[in-house]
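Encoded as structure tokens, the structure appears first; notes follow it.
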Amino acid sequence: MAKKATSSQKKYYVLLDNKGKDTNVIFHNKSPRAAALKAAARGSTNIDLRERKRLQDNVIRVHTFKGNRKQISVPSGAPKWLGSKVWKANVKKVGVERKVRK
């Protein structure tokens, strides 16, 4: 049986806008890919996620993804309140950039 991720294992990821500035959207996930999937499900295509925790010497990590979403029929066994169509997200990691933040 897989262990459930505790709050201490999860990280905060801040969604960045096209200019590289922080938005007010924050995802709390174990991996950057999981946060990118949430952003893609909301309609973002170019996804830049900054880890909120700083590394040594004020270095931050920015994870970059390309994402899309498509509407699919609801799988069998889904609850009735879900509706007949849902958004399925897909992301591909472009890279990780380390920046010095002042």
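Miscellaneous remarks
- Lys80, sole failed condition from (1) in contact with a strand residue (DSSP E or B) (Cβ under 7 Å, 6 or more places away or on another chain); (2) at pLDDT below 95: (1)
- Residue within the stretch 19-26 that is among the basic types (Lys, Arg) and closer than 18 Å to Arg101 by Cα present: yes
- Filter result (small (Gly, Ala, Ser) and under 17 Å from Lys19 (Cα atoms)) within the stretch 63-102: none
- Filtered residues of the stretch 32-62 (kept if among the acidic types (Asp, Glu) and either buried (at least 16 other Cβ atoms within 10 Å of the Cβ) or closer than 13 Å to Asp17 by Cβ (or both)): Asp48, Glu51
- Residue in the stretch 72-82 that is of a type in the set (Phe, Trp, Tyr) and surrounded by 12 or more Cβ atoms within 10 Å (Cβ to Cβ) present: no
The values are calculated or read from the model by the stated rules, or taken from the named source; none is laboratory data. Quick caveat: nothing in here was measured; it's all calculated off a predicted structure. We place every Cβ from the backbone using ideal geometry, glycine too, and count neighbours over all the protein chains shown.
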